[in-house]
Number of protein chains: 4
Amino acid sequence: MGKGRLEAFSDGVIAIIITIMVLEMKVPHGESLESLLPLLPVFMSYVLSFVYVGIYWNNHHHMLHATGRVSGTVLWANLHLLFWLSLFPFATGWMGENHFAPMPSALYGAVLLMAAIAYWILEQALIASEGSASVLKTAVGKDWKGKLSPLFYIIAIASTFWVQWVAQAMYVLVALIWLIPDRRIEHVLQRRET
Amino acid sequence: MGKGRLEAFSDGVIAIIITIMVLEMKVPHGESLESLLPLLPVFMSYVLSFVYVGIYWNNHHHMLHATGRVSGTVLWANLHLLFWLSLFPFATGWMGENHFAPMPSALYGAVLLMAAIAYWILEQALIASEGSASVLKTAVGKDWKGKLSPLFYIIAIASTFWVQWVAQAMYVLVALIWLIPDRRIEHVLQRRET
Amino acid sequence: MGKGRLEAFSDGVIAIIITIMVLEMKVPHGESLESLLPLLPVFMSYVLSFVYVGIYWNNHHHMLHATGRVSGTVLWANLHLLFWLSLFPFATGWMGENHFAPMPSALYGAVLLMAAIAYWILEQALIASEGSASVLKTAVGKDWKGKLSPLFYIIAIASTFWVQWVAQAMYVLVALIWLIPDRRIEHVLQRRET
Amino acid sequence: MGKGRLEAFSDGVIAIIITIMVLEMKVPHGESLESLLPLLPVFMSYVLSFVYVGIYWNNHHHMLHATGRVSGTVLWANLHLLFWLSLFPFATGWMGENHFAPMPSALYGAVLLMAAIAYWILEQALIASEGSASVLKTAVGKDWKGKLSPLFYIIAIASTFWVQWVAQAMYVLVALIWLIPDRRIEHVLQRRET
């Protein structure tokens, strides 16, 4: 079973998610610069989520690039990941409109956490469908990024009820850690070729 | 006539359907956890519809994978299926916002029923365009799943006017039956190769 | 210059247009069957537009299938067609919400007319970019459908101000004429092969 | 790393952006021609933005056509461009609904300016990833269009606070300059082949 349509469908869904998030930024009625001010937290949470969805697309791209075969389990593991990504616009909008209040920030972290877990499940499903010769398995290795992120999300969720800005700082921090694309896969692929 | 653009267009439409359903889950104005509570039935119906659209994409994927030629009739049978799928966001939103009330639940079942019939028509159109040597025909076989589902939907629609939860239970049951991807096609293809 | 991305981009835009039209059908607040009744004209105009966009996608598919090269002019002629198609959701929503009132019905006809003209321009641009050996030119031939449709739209637009139902009847009639996919192109291609 | 998915994802995002802009044109409640009148500035700004997004898609198409390899930096430079393009619907809606008032017109220019800068960064990232033999580098050459546009945008932004129509005139002018597709790349590619 080829991976072409899986990639195409995922590209479509991720492209729509990343674009409809901007619809939460409702056009204000006034024409002054001040009428834009209330939108600032919505805009900031949009930027954060845009970067996160971008990271997921990027890593999804790399992960499937290193994959040959796709099984039925992989199709559903992929849909499971897309499900949690599809909740990004809602979580982003709620957090932005409530100016990073504790509960919306915690929910945002929970959606990030679930997406991270779903990504890990997809990774395992891909490795399992490839067998012991999996390029992906070698490439991922110990995967300290993938293990550290959920931990950071959990700390962020817990922190929302004490200090407000800690959660936002951690979301930004994890995004920065991931912004560096997953060169591990590129490296292993290059090593194979040589 | 190649099947590439048919797949690409279907992927696009299904990707948009699965994603805009989430827009029915309007961001609440409050910032407390309680303000999310009224959204719970909307969320639950979203999860159900996400799984159903996922099943359709999955089976569509498998069905076209087993197909070589695409005729004009197939193009329209496919658009007919996409039409009924495009009504999922509306039916899902109406059912969710009315907390699974009888009439919205019946309409939801009716849309599921029409989509199932449209899928069956597409299957027949594909088999007809392939002729007697159709891989798909062999793969589908007696197709008990495809015959059982409409029956279940009809029972569910009828039941909404007596006991409320029966319809929901049947929608979940049919989804569970289909969650197992259509391995029949994979099997026949593998047998052919060997 | 390959036609792959032109097809992919057009598929994307047409897939979104056909799907966001359904968003004009707002989920009603009541849970009774009566609360759906006011949506009936919106639903009927949605069905009509779904068929029209389906026809455009179908013929676009066939037309580009018969094409080899794509020039800069073709890219813009294609965007011009997509522009008029992008106004379908607006025209459909306005006509449906006003129960096929004269002015919205006339505007709907005007958008249909402009899309038909844009399609004809794209056809000419494709033929011009191919030169005298154009398969498309032979296939299109006298193109009575393409010449008749704009005439029917103009009559429909004019009629809206006298008798209301004539315009709707003509829109349905033209859709029925076109529902038969453009087999001319398939025929010429087949003849070439033999 | 292949460019296929980068193109597919960009096509998806640009297709959605160009289509959801039309959603800012809300269906009016009245059925008379007069009820459409307040939408005229929204429609005009939609046309302008449609042309701009079309230009970006067109040039993006040409630019990637001339590219072979795609690096991690390119993926992020591309997402950065898509981010600014994703703000087009918001900026277009705000400018249209406020009848080209100074501040919304200035913001529109700022988004155009940022998109132009992001496009230039992507161009440089592509050239860098290709090395000294870059077809793209030769093709782009002195790139007077790319250098002139930001200058025009800055003048337009500054002018909004003195004379209102100058900014709009400049946005239209720059669009007209770019409407001529980037034939430079086609020329260099043709020269290579001969």
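The values are calculated or read from the model by the stated rules, or taken from the named source; none is laboratory data. Not measured: the values here are computed from a predicted model. Here the Cβ is made from the backbone with ideal geometry for all residues, glycine too, and neighbour counts use every protein chain on show. When the accessible area is computed, the model is the full protein with side chains, heavy atoms only, and any ligands, DNA or RNA have been set aside. Shrake-Rupley method; radii C 1.70, N 1.55, O 1.52, S 1.80 Å.
See the values below:
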| read-out | value |
| --- | --- |
| Near pairs, Cβ below 8 angstrom, 6+ apart or cross-chain, from segment B:28-52 (modelled with pLDDT under 90) to any residue that is part of a loop (DSSP other than H, G, I, E, B) and surrounded by fewer than 19 Cβ atoms within 10 Å (Cβ to Cβ) | B:31/A:101 |
| The one condition in (1) within 12 Å of chain D (Cβ to nearest Cβ); (2) under 22 Å from residue C:4 (Cβ atoms) that residue C:123 fails to fulfil | (1) |
| Unmet criterion (only one of (1) farther than 23 Å from residue A:46 by Cα; (2) hydrophobic (A, V, I, L, M, F, W, C); (3) without any contact (Cβ under 8 Å) to a residue 12 or more places away in the chain) for residue D:155 | (3) |
| Test for residue A:112: is it of a type in the set (A, V, I, L, M), away from chain B (no Cβ under 14 Å) and buried (at least 21 other Cβ atoms within 10 Å of the Cβ) | yes |
| In segment B:15-27, the residues that are touching a Phe, Trp or Tyr at 6+ places or on another chain (Cβ under 7 Å), more than 9 Å from chain C (Cβ to nearest Cβ) and either open to solvent by less than 10 Å² (accessible area, probe 1.4 Å) or without any contact (Cβ under 8 Å) to a residue 12 or more places away in the chain (or both) | B:18, B:21, B:22, B:27 |
| Check on residue A:9, facing chain B (nearest Cβ under 8 Å) and buried (at least 23 other Cβ atoms within 10 Å of the Cβ) | yes |
| Every residue from segment D:90-136 that is of a type in the set (Asp, Glu) and either closer than 26 Å to residue A:36 by Cα or assigned to a loop (DSSP other than H, G, I, E, B) (or both) | D:97 |
| Cβ-Cβ under 7 Å pairs, at least 6 apart or on other chains, segment A:123-134 side modelled with pLDDT under 75, far side assigned to a helix (DSSP H, G or I) and hydrophobic (A, V, I, L, M, F, W, C) | A:134/A:127 |
| Selection count where residues are over 20 Å from residue B:23 (Cα atoms) and open to solvent by 30 Å² or more (accessible area, probe 1.4 Å), scope segment A:44-86 | 8 |
| Filter result for residue A:93 (at pLDDT 90 or above and touching a Ser or Thr at 6+ places or on another chain (Cβ under 9 Å)) | yes |
| Any hit, segment B:54-72, residues being among the hydroxyl-bearing types (Ser, Thr, Tyr), within 14 Å of chain C (Cβ to nearest Cβ) and either free of Cβ contacts under 8 Å to residues at least 24 places away in the same chain or assigned to a helix (DSSP H, G or I) (or both) | no |
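This table checks each residue for (1) more than 27 Å from residue A:90 (Cβ to Cβ); (2) of a type in the set (A, V, I, L, M, F, W, C).
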| site | (1), (2) |
| --- | --- |
| B:17 | no, yes |
| B:28 | no, no |
| B:38 | no, no |
| B:48 | no, yes |
| B:54 | no, no |
| B:65 | yes, no |
